[in-house]
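As structure tokens, the structure follows; a few thoughts come after it.
The values are calculated or read from the model by the stated rules, or taken from the named source; none is laboratory data. Being a predicted model, the structure only gives us computed values, none of them experimental. FYI the Cβ positions are ideal-geometry reconstructions off the backbone, even for glycines, and counts take in every protein chain you see.
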Amino acid sequence: MKLYDWISGRSLLFPSRHLSKEESLRRMPMLKSEKLVGAIAYADGQFDDARYNLTLLQTFTKSGGEVLNYARVIGFGKNGTGQLVQARVQDGLSGRYLDVRAKAFINATGPFADGIRDLAKPGIRQRLRPSKGSHILLPIDAVASNDALLVPKTDDGRVIFAIPWSGRLLVGTTDDEITLQDEMVVKEEEAEYLLKHLNRYLVRPLNKNQIVSGFAGMRPLVASGSRRSKDLIRDHEIEIESSSGLISVLGGKWTTYRAMAEDAINSVLQFLGMPAVSCVTINQRLTGFEGWHANFWADLVREYQVSEETARRLSQKFGAAAKEVLNLTKGNPELKEPIVAGSSSVLAEVSYGVREEMATSIEDILARRTGLQLFSWEQARAAAPMVGAIMARELGWPLSQQKAAVEEYVKNIGRLMRLLGLRPCEKTLVDE
């Protein structure tokens, strides 16, 4: 048995292997050949993190959990011994307050975990050093290959990748230490940094004007002795603060989220003095799995008369729950129409996002429910008026609120483009 078989078991996609110069150029003809010796091919996976997160939330609610959106913890109540017994929560939309009582509190707030820790015990030593990762997206034909390219080392010792993802070429990522006050936007110098290092390996260099979208986010890195964010650990740590009892999940990453969850729940049982039980997290099925199969998209085409492209997309994004989305079209066939010309996203996703996925803004829909904003800033701008109209109907917005929401969204996308040195086109907003 090979080592990689033992580590990965049945989850192994395929073992890594060396590619000759000839095979490397056949698979990736965009590479410069002068200094190329060969390449290493290995398997990796990819997913839509926003949709996966929504699936987790829906699985949680169907298991009896309660979910709040646009809400934040602003303080804690304690008992006579200083242990937490109550959390003060503010609704970010209405401004109203809610008090939540519990025997144990888990702080799983990613890069914002230190803020919650400080609310529970003011002055506590900070544990996190957040890092910013910026990404840019280009047309998929920017490189003539279906393979992802990984640059193992840049001038400052970082890693850059160029990956086919959701119909685009995703290039990332920067790794810069930041503060929580820094805005999560892609800046022109960050895009130029990514392109500069990638272009060293390409016959035809990519340029900034090919960028169609971009996004940035924070990594919750746990502080260590290193001063450089790229050297900080990506592993997670569970902390039980003794004086308050707050249980914090620090650090971590998507690929280990179930292990993080299991460790957190085990810590709750330990804190409450309860006996350990067998954790179901590792084998927990998620909403949308039941009834789904590899050709589920074909069932959608037959039952709902949607295009193959739309059916495949909904099957990938929602699993079997895609039928819940398309059921909305039975009473309103217009919801089968694309959100914007040329897109496989349909208007039914807007209504579904509002009714079932807590979407309350145009950005919620286009960035975090459909992902159209990541596919194309220009398409997202063009889609905003129609999305705003449907949300107005679902949420009872007056025309003034609808128009303001569209204008605000289009203005924000224009700003994101200008930060990259791109010039947005003029768009027509809401007709009176």
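Data table
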| quantity | calculated |
| --- | --- |
| Residue within region 95-102 that is surrounded by 14 or more Cβ atoms within 10 Å (Cβ to Cβ), assigned to a strand (DSSP E or B) and of a type in the set (D, E, K, R) present | no |
| Residue in region 275-297 that is at pLDDT 95 or above and in a helix (DSSP H, G or I) present | yes |
| Subset of region 144-155 (residues that are closer than 14 Å to R200 by Cβ and either touching a residue at least 24 places away in the same chain (Cβ under 8 Å) or loosely packed, with under 14 Cβ neighbours inside 10 Å (or both)) | L149, V151, P152, K153, T154, D155 |
| Qualifying helices (runs of 4 or more DSSP H) (wholly inside region 322-432; at least 1 residues being of a type in the set (D, E, K, R)) | 322-327, 348-356, 377-395, 399-419 |
| From the options S248, S267, S244, residue that is among the small types (G, A, S), assigned to a strand (DSSP E or B), over 30 Å from M417 (Cα atoms) and touching a strand residue (DSSP E or B) at 6+ places or on another chain (Cβ under 9 Å) | S248 |
| Leading residue by the ranking (nearest to F289 (Cα to Cα)) among those in region 38-62 that are among the charged types (D, E, K, R) and in a loop (DSSP other than H, G, I, E, B) | D48 |
| Region 293-305 residues that are within 13 Å of Q316 (Cα to Cα), paired with ones that are among the hydrophobic types (A, V, I, L, M, F, W, C) (beta carbon under 7 Å, 6 or more apart) | F296/A320; W297/A311; L300/V306; L300/A311; L300/L314; L300/A322; L300/L326 |
| Which numbered condition S343 misses (of (1) under 23 Å from F60 (Cα atoms); (2) under 24 Å from the mean Cα position of the chain (by Cα)) | (1) |
| Residue in region 125-136 that is within 17 Å of Y201 (Cβ to Cβ) and of a type in the set (A, V, I, L, M) present | yes |
| Some residue of region 19-37 being of a type in the set (G, A, S), touching a Leu at 6+ places or on another chain (Cβ under 7 Å), without any contact (Cβ under 8 Å) to a residue 40 or more places away in the chain and assigned to a helix (DSSP H, G or I) | yes |
| Whichever residue in region 346-370 is among the small types (G, A, S) and buried (at least 23 other Cβ atoms within 10 Å of the Cβ) and, among such residues, is farthest from H135 (Cα to Cα) | A348 |
| Leading residue by the ranking (nearest to D364 (Cα to Cα)) among those in region 8-31 that are surrounded by fewer than 13 Cβ atoms within 10 Å (Cβ to Cβ) and touching a strand residue (DSSP E or B) at 6+ places or on another chain (Cβ under 8 Å) | S16 |
| Count of residues meeting criterion [more than 24 Å from I390 (Cα to Cα) and either among the aromatic types (F, W, Y) or buried (at least 17 other Cβ atoms within 10 Å of the Cβ) (or both)] in region 302-318 | 0 |
| Complete set of residues in region 193-211 that are under 17 Å from L422 (Cβ atoms) and either in a helix (DSSP H, G or I) or among the small types (G, A, S) (or both) | Y193, L194, L195, K208, N209, Q210 |
